[in-house]
Amino acid sequence: MEKEPVIIDCDPGSDDALAIILALHSGMVDLRAVCSVTGNGALDTTTRNGCNVLALCGRKDIPLYRGSGAALDQQVPDTVSAFGDDGLGGYADTIQSDKKEEEMDAVEFLVDYIDSHPGEITLFAIGPCTNVAKAIRRSKTFAGNLKRLIIMGGAKYTGNMSPVAEYNFWADPQAAHEVLRAGIRDVTMIGLDVTNRIALNCGMREVLRMIDTPLSNFVYNITREGLDDNWRTRKKAVSPMHDVLTVAYLLDPSILQVKPAYIDVVTEGIAKGQSVVDIDGHWNGGKCNAMYAAEVDVEKFYKLFFETIFHEDVTTLF
Ligand code: RIB
Ligand code: CA
């Protein structure tokens, strides 16, 4: 089977790191490049983490392009992450490498690459949408030349930065708003409604510890701070893995139930960053601009995640 050519635009970040790891272990993805954006840490942090995760996976050959350090409005979003100061739960230094970022900036790269590979590339946006929005502003053809865009962001029913706003959309709401209105032919918004449900539980983390390979120990370590944070703030003993669901969905679309929707993002005021998801045809003359992920098959997800990366069956732990 031919591998799917993809680019991952991200803010690593423990769950971004897991998304990259899943993609590279799947054998089904041809990861052409990674782009960084500020989010789970300052831009220097997310860029360095991205390089080091690629090196950890033995893929120093995959280029990493440094992207935007601030939102479209030039504000630097709050980068205090559930994954700790270094974005990787205090374990970023354990995967130091000599891998360097490319000289070209991520937005320039995205425009050049997508416009010279029309209709070929699936782009993942699993951090704030700033780089993607800038690419859309810079090139009239960029949006039309994307094959597909899979976003981790937003939610229909909940938020994690406010009662209604999810972090990636909250960090740069104008960017998310412009990306959703750009006319990209195939957009899927995978939000908190489903990503909150795929967090790692303590039993699964113990399995990682027992597998005891450098990779399983790394995943065990970088998911610790998320677990602690969730316990401190919500009394939930699970570690978030939001971004991983985007890649899992590419690998097995039956993991999610998606519905056509018209989605827009509130750019200011009390609901700043809220994604408003219309699945009933109230807006835009009933025309949809995206697919909205409404349900997730949690067991199928865990099975895919553990079998693909660690070749372990964790079915008994559900
Ligand atoms: O709200 C979840 C998103 O914000 C994920 O992309 C995660 O990496 C966090 O930064
Ligand atoms: Ca992210």
Query raised in the report: Any residue at all in region 202-216 that is within 16 Å of ligand 1 (Cβ to nearest atom), in contact (Cβ under 8 Å) with a residue 12 or more places away in the chain and surrounded by 21 or more Cβ atoms within 10 Å (Cβ to Cβ)?
Result: no
Query raised in the report: Taking region 2-32 as the region of interest, how many residues are open to solvent by 20 Å² or more (accessible area, probe 1.4 Å) and either more than 22 Å from GLU120 (Cα to Cα) or under 15 Å from the mean Cα position of the chain (by Cα) (or both)?
Result: 1
Query raised in the report: Take the residues of region 112-137 that are of a type in the set (S, T, N, Q) and within 14 Å of GLY67 (Cα to Cα): which is surrounded by the most Cβ atoms within 10 Å (Cβ to Cβ)?
Result: THR130
Report task. State yes or no: is SER68 of a type in the set (Ser, Thr, Tyr), open to solvent by less than 40 Å² (accessible area, probe 1.4 Å), closer than 16 Å to PRO12 by Cβ and at pLDDT 95 or above? Result -> yes
Query raised in the report: Do you know which residues across region 233-267 are among the β-branched types (Val, Ile, Thr), under 25 Å from GLY183 (Cβ atoms) and within 16 Å of ligand 2 (Cβ to nearest atom)?
Result: THR246, VAL247
Query raised in the report: Would it be correct to say that ALA42 is under 23 Å from VAL219 (Cβ atoms) and open to solvent by 20 Å² or more (accessible area, probe 1.4 Å)?
Result: no
Query raised in the report: When you scan region 272-284, how many residues do you find that are open to solvent by less than 20 Å² (accessible area, probe 1.4 Å) and outside any strand (DSSP E or B)?
Result: 1
Query raised in the report: What tally of residues in region 167-186 results from selecting those that are surrounded by fewer than 24 Cβ atoms within 10 Å (Cβ to Cβ) and either at pLDDT below 95 or of a type in the set (Asp, Glu) (or both)?
Result: 2
**Report entry** Residues satisfying the stated conditions in region 213-227, i.e. under 16 Å from GLY13 (Cβ atoms) and either of a type outside the set (S, T, N, Q) or part of a helix (DSSP H, G or I) (or both)
**Finding:** PHE218, VAL219, ASN221, ILE222, ARG224, GLU225, GLY226, LEU227
Requested in this report: Would you kindly identify the helices (runs of 4 or more DSSP H) lying entirely within region 136-186 that contain at least 3 residues that are more than 13 Å from ILE263 (Cβ to Cβ) and either without any contact (Cβ under 8 Å) to a residue 40 or more places away in the chain or within 16 Å of ligand 2 (Cβ to nearest atom) (or both)?
Outcome: 167-171
Query raised in the report: Tally time: how many residues in region 177-201 are within 12 Å of ligand 1 (Cβ to nearest atom), within 22 Å of LEU123 (Cα to Cα) and in contact with a strand residue (DSSP E or B) (Cβ under 6 Å, 6 or more places away or on another chain)?
Result: 2
Query raised in the report: If you scan region 103-127, which residues turn out to be in contact (Cβ under 8 Å) with a residue 60 or more places away in the chain and assigned to a loop (DSSP other than H, G, I, E, B)?
Result: HIS117, GLU120, ILE121, ILE126, GLY127
Query raised in the report: Only one of these conditions is not met by ASP61: (1) within 16 Å of ligand 1 (Cβ to nearest atom); (2) in contact with a helix residue (DSSP H, G or I) (Cβ under 9 Å, 6 or more places away or on another chain). Which number is it?
Result: (1)
Query raised in the report: Which of (1) under 22 Å from the mean Cα position of the chain (by Cα); (2) under 24 Å from PHE83 (Cα atoms); (3) in a helix (DSSP H, G or I) is the odd one out, the single condition MET210 does not satisfy?
Result: (1)
Report summary line: Of the residues in region 288-302, those that are in a strand (DSSP E or B) and open to solvent by 70 Å² or more (accessible area, probe 1.4 Å) come to GLU295
Requested in this report: Mind listing whichever residues of region 3-53 are within 15 Å of ligand 2 (Cβ to nearest atom), in a helix (DSSP H, G or I), farther than 25 Å from ASP112 by Cβ and of a type outside the set (D, E, K, R)?
Outcome: SER14, ALA17, LEU18, ILE21, LEU22, THR45
Report task. Could you grab me the full set of residues in region 138-160 that are within 8 Å of ligand 1 (Cβ to nearest atom), surrounded by fewer than 24 Cβ atoms within 10 Å (Cβ to Cβ) and not polar (S, T, N, Q)? Result -> none
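The values are calculated or read from the model by the stated rules, or taken from the named source; none is laboratory data. This is a predicted model, so every value here is computed, not measured. All Cβ positions, glycine included, derive from the backbone under ideal geometry; neighbour counts span all protein chains shown. SASA here: full protein model, heavy atoms, side chains in, ligands and nucleic acids out. Shrake-Rupley method; radii C 1.70, N 1.55, O 1.52, S 1.80 Å.
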